[in-house]
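Working notes, structure below.
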Amino acid sequence: MSIRYGLLALLDAGPRYGSQLHAAFESRTGTAWPLNIGQVYTTLGRLERDGLIAPAPGGDPKQRPYALTDAGRRELAAWFARPVDRTRPARDELAIKLAMAVATPGVDAAAVIREQRRHTTRALRHHTRLRARALAAPPESADETAWLLVLERLVADAEAELRWLDHCASRLTAS
């Protein structure tokens with residue numbers, strides 16, 4: 001997940017302080033991916049260094065509001081136009097764990113799969129309940145719509161993981 005581009009997108013609406021960006025990020029993603037406030041300020045420092053944001057005039061002297069620069073707007077537009085590269089996926093801890101479990105003497109890979117399946121099923125139930133609550137009333141804001149989209153992705157990911165775990169269990173049985 002790219003905090004860099006998430007912050008640029010939030011700044012597209014206008015200047016904000018780091019704490020406002022933190023709150024807006026968590027509101028938009030429903031805290032699905034908790035964001036440390038330190039990450040916000042570290043990323044803001046890099047964005048400023050790279051010329052993508054600049055301090056905005058005004059505001060509280062103890063806090064610094066930031067605004068997008070023209071270069072930041074171009075970078076954000078390019079990010080939205082570019083598809084997410086799926087040819088080089090991020091490392092998947094579960095896939096690595098199962099690959100190691102299958103080839104490590106003394107490890108019961110089927111037990112690893114069963115435990116993960118229990119955990120993923122609990123996560124799916126949790127995300128499904130949250131989605132049902134979100135669907136109970138029509139979204140009243142862009143943040144609520146964004147949160148619903150995140151929830152739907154989490155549900156789809158959990159369902160796909162359960163199918164994959166079933167496939168892995170079948171593969172082990174067939175071996």
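Of note:
- Once the convex hull of all Cα atoms in segment 93-174 is built, its volume per residue stands at 79 Å³.
- Over segment 3-81: Rg over Rh, Cα atoms, Kirkwood Rh: 0.94
- Mean residue ellipticity (222 nm) of the chain, computed from DSSP H runs ≥ 4 via -39,500 (n - 2.57), nearest 500: -22500 deg cm²/dmol
- For ARG16, the amide hydrogen comes within under 5 Å of the amide hydrogens of TYR66, counting only partners 5 or more places away or on other chains and with H modelled in the peptide plane.
- If only the Cβ of Lys and Arg carry +1 and only the Cβ of Asp and Glu carry -1, the dipole of segment 93-174 around its Cα centre is close to 340 debye.
- Environment charge at PRO15 (Cβ cut-off 14 Å; Lys +1, Arg +1, Asp -1, Glu -1): 0
- Dipole of the chain, positive direction: furthest Cα of GLY51, ALA103, LEU68, with charges on the beta-carbon: ALA103
- Taking N as its residue count, the alpha carbon Rg of the chain over 2.2 N^0.38 Å: 1.32
- Of the trypsin sites (Lys or Arg not before Pro) in segment 1-107, those whose Cβ has at most 14 other Cβ within 10 Å and which sit in DSSP loop: LYS62, ARG86, ARG91
- Model label points for ILE96 and HIS126, set 7 angstrom from Cα along the Cα-to-Cβ axis, are 2.2 nm apart.
- Likely footprinting exposure, TYR41, TYR66, TYR5, fewest C-beta neighbours within 10 Å first: TYR41, TYR5, TYR66
- Computed about the Cα centre, the dipole magnitude for segment 3-81 is approximately 60 debye when only Lys and Arg (+1) and Asp and Glu (-1) carry charge, each at its Cβ.
- Evaluating 6.51 cos²θ - 1.76 cosθ + 1.60 at θ = phi - 60° for every residue in segment 77-82, the Karplus couplings come out as 4, 5, 5, 5, 7, 8 Hz, glycine and proline recorded as x.
- Nearest-20 debye value, segment 11-157 charge dipole, Cβ charges on Lys, Arg, Asp, Glu: 400 debye
Throughout, read-outs are computed from the coordinates displayed, never taken from laboratory work. These numbers were taken from a predicted model, which means no experiment stands behind them. Note: ideal-geometry Cβ built from the backbone for every residue, glycine included; neighbour counts use all protein chains shown.
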